[in-house]
Amino acid sequence: MSLLQVPSSKQEEMIKQELGENPGDIERGVIDLRSMCAANPHLPRPDTIDNHIFKVFIRGCRMDFERARNKFEAFCYARCRYRDLYIHRSLNEPPLSDVAKFLDIVPLPKLTDEGLRVTIFRVRPGYPESAVDITSAVKAILLISDTRLFDEKLILGDAFIWEASNVRASMAAYVAGGANAIRRSIYLAQGAYPQRMRRIHVVGAAGLVGSSLNLMRSCVNEKVRNRYYLHNKIEELLDHFPARILPMEWGGEEESFDVLTKKWRQRVEEVRDYLRNFNELCQVAPEPKYDNDIYGTAGAFRKLEID
């Protein structure tokens, strides 16, 4: 059962106007992506992919069919080229089951007034050091991102909130150890997922997490770097987001973090078989074209330009 609420009729009209969506665009885009899949032996057959997935990519690329083709290709190829990031498809089994002990990953059910989907990444208070594994956290984030594709209908873009008030000094060493996975996930998020990153809010960014922020910002272009907002207190978020969408612990009207994270673990389980099957359909990828794909030269990425 989907956890994400759809936009109101007024929001839907506003979002479609912002995306430049005209009557017939979605249908033409679906035909275009299905034709690409039918012609490319490295991609899943079009009859194995629900049209809803294609629609999410088309809207996430603002009706730019060529861009949607490139992103969908990269989305499929990533499962072959980076199997280690996609091999685990459950949040209830090791190694990803421990991620919930130190990090909450919560796409919020309600949209903001302008139509943004907000996802919270919260370092849990009193987390056990033994549960901290940055690479596993990256895998869990990608897994929830894949699950969101089933539930998302129409949004203007994404807003992320990173809540780091509970981070300890020892986290810096864990982040350094997982730097490779972090870099890969950021570039995949930009180049292989149909998201439009509009805002990134960071709460409680003490000096010890400065290196983590610098790592994240170094992976994106100037346009995205300018969308970072730093806050000292959680209460400051109410100046940017309506209380109706935020969890009750943050002075909002939504359910608690514990309830929301439990629901997302269950939702991942509901689509687990499809996600595993999709990975199996993406086990072959062509050699990277180093001059124009998101993977750059061997062992590196190039910086991406995103909307």
Relative contact order, percent, segment 29-112 [alpha-carbon distance under 8 Å, six or more residues apart]: 21
Contour minus Cα-Cα distance for residue 6 and residue 97 (0.36 nm per residue): 29.9 nm
Debye log10 I(q)/I(0) for segment 95-268, one point scatterer per Cα, at q = 0.10, 0.14, 0.19 Å⁻¹: -0.35, -0.73, -1.57
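Which GluC sites (Glu not before Pro) in segment 71-160 sit in a loop by DSSP (not H, G, I, E or B) and have at most 15 other Cβ atoms within 10 Å of their own Cβ? Intermediate values should be presented prior to the final figure.
Numbers: sites: 73, 114, 129, 152; in loops: 114, 152.
Here the GluC sites (Glu not before Pro) that fit, given the DSSP loop and packing criteria, are 114.
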Gain in span if fully extended, residue 66 to residue 173, counting 0.36 nm per residue against the direct Cα distance: 34.5 nm
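Charges at C-beta only: +1 for Lys and Arg, -1 for Asp and Glu. How large is the resulting dipole of the chain about its Cα centre, in Debye rounded to 20? The partial results should precede the final answer.
Details: 44 positive and 43 negative charges, 117 e Å.
It works out to roughly 560 debye.
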Length released on extending from residue 35 to residue 236, taking residue separation times 0.36 nm less the Cα-Cα span: 67.6 nm
FRET efficiency, residue 256 to residue 87 (Cβ-Cβ, R0 30 Å, nearest 0.05): 0.45
Candidates 48, 135, 112, ranked by Gaussian network fluctuation over the chain, Cα under 10 Å, top entry: 48
Equivalent-ellipsoid semi-axes of segment 97-190, from the Cα gyration tensor, Å, largest first: 25, 15, 12
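Considering every Cα-Cα pair within the chain, what fraction, in whole percent, is farther apart than 35 Å?
On the way: 6964 of 46971 pairs.
The calculated P(r) of the chain puts 15 percent of pairs beyond 35 Å.
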Within the chain, longest stretch clear of exposed trypsin sites (Lys or Arg not before Pro) (DSSP loop, no more than 10 other Cβ within 10 Å): 1-232
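What number, in percent, do you get for the relative contact order of segment 95-268 if the mean sequence gap of Cα pairs under 8 Å and at least 6 apart is divided by its residue count? Walk me through the numbers before you get to the answer.
Numbers: 250 pairs, mean separation 40.1, N = 174.
Relative contact order of segment 95-268: 23 percent.
Each value in this text was obtained by applying a stated rule to the coordinates, not by laboratory testing. None of the values given here were measured: they were computed from a predicted structure. Note that we place each Cβ from the backbone using ideal geometry, even for glycine, and neighbour counts take in every protein chain shown.
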